[in-house]
Amino acid sequence: MLDKNEDLGMNNFFDNKSFFLRGTDHMGWGIKNRMSRIFNPKTGRTVMLAFDHGSVLDSIAGFDRLDLSVHPLIHIADSIMCTRGIVRTIVPPSTRKPVCLRFSAASTVLSELNNDVIFDIEDAIRLNASALGVTVALGDKYEAKTIQNLVHAADSGYKYDIPVIGITSISKQDSDAAYYAMVARVCAENGANIVKTYYTEKNFSKIINKCPVSVIVAGGKKMPEQKFLEFCYRAIDEGAAGIDVGRNVFQSLSPVAMIKAVSSIVHDNLLPEDAFQLYRELSNLS
Ligand code: 5RP
């Protein structure tokens, strides 16, 4: 028998507020849980350490000996972006960091970019992937193929509640906000839960506003540390939910200090000059 005075918490329901990331309220539990591993629920943002370059580009500085360069950085990043070959050979299986798997295998800079195929979802499950990254190339000869890849990835992703990242192709690097906004929107409309794109000096907010899911920004070519921290600050301040960074960390004089400085902007809202000071202190330059 229930004691009438016993407080069973009736009418005191856990307040399951709307989920903290854009466009996810009506997604399944598994997608939300995986996205909570990629994005810090306290800030809604992520520092994604990218080392997937070797699948498309020729050898680039800092990426030849990933076995040496990646390990000191993984535990500082919130998430990692890499191919299945690098997961299996370089990333320690004991890592607790979410793997955002490059799920489309690209044709390389030696031929035509974007003639891509995608992997089998079962392999992503075996690797315990937290997200599937697929390249989309609007306006390219292989546009239809890359959209098909995204659609297939999203179909598999929804089946197993693994979120999909729509990745803006590098073939249109010099494009403007209107183009990137269109790619972001097309990715989201076709099922992407996250979009990875490029920051634009002008009208970046157009990309953010037109896209109903979280947008993260690729770091791009190496710049001086202070300049890159200013770049991160502007992208976050103007609405990006994270930075996907490779070269500006791996090619820095002090990669550990650099990723910590990027993180201080993304999660602690440090001003770029304060983040640069932090970089200098951590790399013993002050
Ligand atoms: C490589 C990529 C990278 O993941 C992305 O560009 C981020 O790396 P970087 O900061 O070096 O630009 O898509 O093809």
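Readers should treat all values here as calculations from the given coordinates under stated rules, not as data from a laboratory. Bear in mind that the values here come from a model prediction, so they are computed numbers and not experimental data. Note that each Cβ is placed from the backbone with ideal geometry, even for glycine, and that neighbours are counted across all protein chains shown.
Spin-label pair N284-A144: with each label point 7 Å from Cα along the Cα-Cβ axis, the two points sit 5.9 nm from one another. From most to least packed by mean Cβ count within 10 Å, the peptides 81-93, 240-252 give 240-252, 81-93.
Once both labels are positioned 7 Å from their Cα atoms along Cα-to-Cβ, the gap between D64 and D155 label points is 4.3 nm.
Toward the positive end of the charge dipole of the range 29-255, with +1 on the Cβ of Lys and Arg and -1 on the Cβ of Asp and Glu, the farthest Cα among L57, V217, L110 is that of V217. When all alpha carbon pairs of the chain are counted in 10 Å bins from zero, the resulting P(r) reads 7, 29, 36, 19, 5, 3, 1, 0 %. Evaluated with a Cβ-only charge set (Lys, Arg +1; Asp, Glu -1), the range 29-255 carries a dipole of roughly 520 debye about its Cα centre, given to the nearest 20. Along the Cα-to-C-beta direction of H75, a point sits 7 Å from the Cα; which residues of the range 233-256 have their amide N less than 17 Å from that point? Hits in the range 233-256 for H75 at 17 Å: 255-256. When the C-alpha to C-alpha distance is required to be over 20 Å, the pairs from K32/K159; K42/K260; K145/K210 that qualify are K145/K210.
One decimal place: the segment H26-A178 gains 52.0 nm when fully extended, by the rule 0.36 nm per residue minus the C-alpha distance.
Reducing the range 100-156 and the range 188-259 to their Cα centroids gives an inter-centroid distance of 21 Å. Net charge of the neighbourhood of S283, taken over other residues with C-beta under 10 Å away and scored Lys/Arg +1, Asp/Glu -1, is 0.
Helical runs (DSSP H, four residues minimum) scored at -39500 (n - 2.57) apiece and divided by the length of the chain put the mean residue ellipticity at 222 nm at -11000 deg cm²/dmol.
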